[in-house]
Amino acid sequence: MDPPGKDSLPDFGDELRQRADRVASLILYGDYPDVDIEIEIINLRRWCAERLPERLDLFEMVYVSRFRRLRQQWGRRERTG
């Protein structure tokens with residue numbers, strides 16, 4: 001018998017990627033104020049924490065770093081973290 005939730009892990013990865021790509025698109029192509037982008041990042045962090053709290057450190061390392069780089073490269077200053 002498989003542990004509960006095992007089958008949903010690939011779905012989690014796909015959905016996380018889609019949600020992160022959406023935030024990246026807002027940074028690159030949207031005309032969103034920094035505060036709204038920050039809210040989107042916070043919401044994505046919460047979404048991850050609800051589904052895979054033991055791996056939230058990976059979210060911070062991979063996605064928050066990615067968003068920070070995009071903001072720096074595309075002229076958006078980081079205000080919070």
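All but one of (1) in contact with a helix residue (DSSP H, G or I) (Cβ under 8 Å, 6 or more places away or on another chain); (2) in a helix (DSSP H, G or I) hold for residue 35, so report the exception by its number.
(1)
If you take the residues of segment 70-81 that are in a helix (DSSP H, G or I) and surrounded by 11 or more Cβ atoms within 10 Å (Cβ to Cβ), which of them is modelled with the highest pLDDT?
Taking the candidates together, the pick is 70.
Against the condition buried (at least 16 other Cβ atoms within 10 Å of the Cβ) and part of a helix (DSSP H, G or I), how does residue 15 come out, does it pass?
Judged against the criteria, residue 15 is not a match.
Would you call residue 34 over 17 Å from residue 11 (Cα atoms), in contact with a Lys or Arg (Cβ under 6 Å, 6 or more places away or on another chain) and free of Cβ contacts under 8 Å to residues at least 60 places away in the same chain?
yes
In segment 33-69, how many are exposed (fewer than 14 other Cβ atoms within 10 Å of the Cβ), under 10 Å from the mean Cα position of the chain (by Cα) and modelled with pLDDT of 95 or more?
3
Say whether the condition of being surrounded by 11 or more Cβ atoms within 10 Å (Cβ to Cβ), modelled with pLDDT under 90, part of a helix (DSSP H, G or I) and not basic (Lys, Arg) is met by at least one residue in segment 19-32.
Checked segment 19-32: no residue is surrounded by 11 or more Cβ atoms within 10 Å (Cβ to Cβ), modelled with pLDDT under 90, part of a helix (DSSP H, G or I) and not basic (Lys, Arg).
The values are calculated or read from the model by the stated rules, or taken from the named source; none is laboratory data. This is a predicted model, so every value here is computed, not measured. Here Cβ is always computed from backbone atoms with ideal geometry, including for glycine, and neighbour counts include all displayed protein chains.
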